[in-house]
Amino acid sequence: MDKDLKNKTLSELEVIAENLGQKKFVAKYIFTFIHSKNTNKISNISPLSKTFRTTLTEQGYYISHLNTLKKFTDSDGTIKYLFELADGNRIETVILFDRKRKTLCVSTQAGCAMKCAFCATAKLKFKRNLTAAEIADQINVVQKDKGKITNVVYMGMGEPLLNYDAVLKSIRILNHPQGKNIGLRHLTVSSCGIADAIRKLSDENIRPRLAISLNAPTDTLRSKIMPINKKYPIKALIEAVRLYQLKTDLRVTFEYVLIKNLNDSTSHAQTLAKLARQLKCNINLIEYNPHPSCKFAASSKETIEQFAKILDDAGIETTIRFKKGQQIKAACGQLGADILNPAT
Ligand code: SF4
């Protein structure tokens, strides 16, 4: 049985407290101390009686925490954290600053099994799913260092919807008023397109914003760079997203990494516009971030601007995201490059 108190929702902590002969409300102290006051020691939860703190420890309960191995700072202000998990696996987390907004890009798996051709994390291969505690703790550590995190994007290493239960649990924890109290509109799950999981998520009683890493407007091209497309082709993906929108009334973001001479032509932009018009969505065009483990190159600034203009002219809200954190390999698609090859 999992004894990590950080890995529990408030209702799960209430059950633990009651099973150990305590009143239900005692759980609130544990939850708040862990998720609002960033406590990593049971002995520090001062509102609990000494006897109960001892009982928890004797029963094997503990509070896990990430070990920060290294912090990298880019000249544009972006910071990347390299964390070690209890079993020695490593993950990365990135904080991006934009005026008053502090956005944390969190990892949900150590490595990734999705094999997207442009992504460094894919080269690490899949190691394991993170626990909800390991996901939530990325916010705890960075918040301690950089102050209140306003937005969390599940867009770091791994495919969040293939670690469905832990991701959903971490959302419940982060959203809870007794913890970080981060609003659902400030929590975004980014998926490479696991259509079944998107449909499942649409039926939950807690639903974050959704972003889809699309990167190609046709099945032929998408299957070449994102193998998951063979299982869930664009039509199936769009249907799942449409259902999510119907149930949540939330705008969906499509992310599109522009790669030179691959997915950046006028006709790609026109096909993408046609696709996007079917949904209430916006598109983030992302400048490709080269790294030694992939052979692709970034589209030129002119090509990106021309691509954006075609989408804009078609009435699609489009934002260009130029490279951030590139020097420290913290940009989109680069996470894991330092773990793969620490010498670079
Ligand atoms: S882009 Fe995302 S889903 Fe694809 S391999 Fe990288 S981490 Fe995995």
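Derivation of every value follows stated rules applied to the coordinates shown; laboratory data play no part. It should be emphasised that the depicted structure is a prediction, and the values quoted were computed from it without experimental measurement. Neighbour counts are summed over all protein chains in view; Cβ atoms, including those assigned to glycine, are modelled from backbone coordinates with ideal geometry.
General remarks:
- The ranking of 71, 295 from fewest to most other beta carbons within 10 Å of each one's beta carbon is 295, 71.
- J(HN,Hα) series, the stretch 51-57, from Karplus relation 6.51 cos²θ - 1.76 cosθ + 1.60, nearest Hz, glycine and proline x: 4, 5, 4, 5, 4, 4, 5
- By other beta-carbon atoms within 10 Å, ranking 43, 299 with the fewest at the front produces 43, 299.
- In this structure the amide hydrogen of residue 70, modeled in the peptide plane, comes within under 5 Å of the amide hydrogens of 82, none closer than 5 places in sequence on its chain.
- Residues with amide H under 5 Å from that of residue 212, placed H, sequence gap 5 or more: 191, 253, 254, 255
- Of 277, 128, the sequence from fewest to most neighbouring Cβ atoms within 10 angstrom is 277, 128.
- The stretch 293-306 - phi-based ³J(HN,Hα) in whole Hz, Karplus 6.51/-1.76/1.60, Gly and Pro as x: 7, 10, 8, 6, 10, 7, 5, 6, 4, 5, 4, 5, 5, 5
- Each residue of the stretch 159-172 is assigned a 3J(HN,Hα), and the resulting list reads 9, x, 7, 8, 10, 3, 5, 5, 5, 5, 5, 5, 5, 4 Hz, derived from the Karplus form 6.51 cos²θ - 1.76 cosθ + 1.60 (θ = phi - 60°), x at Gly and Pro.
- Taking 7 Å steps out from each Cα toward its Cβ at residue 145 and residue 87 produces label points 2.4 nm apart.
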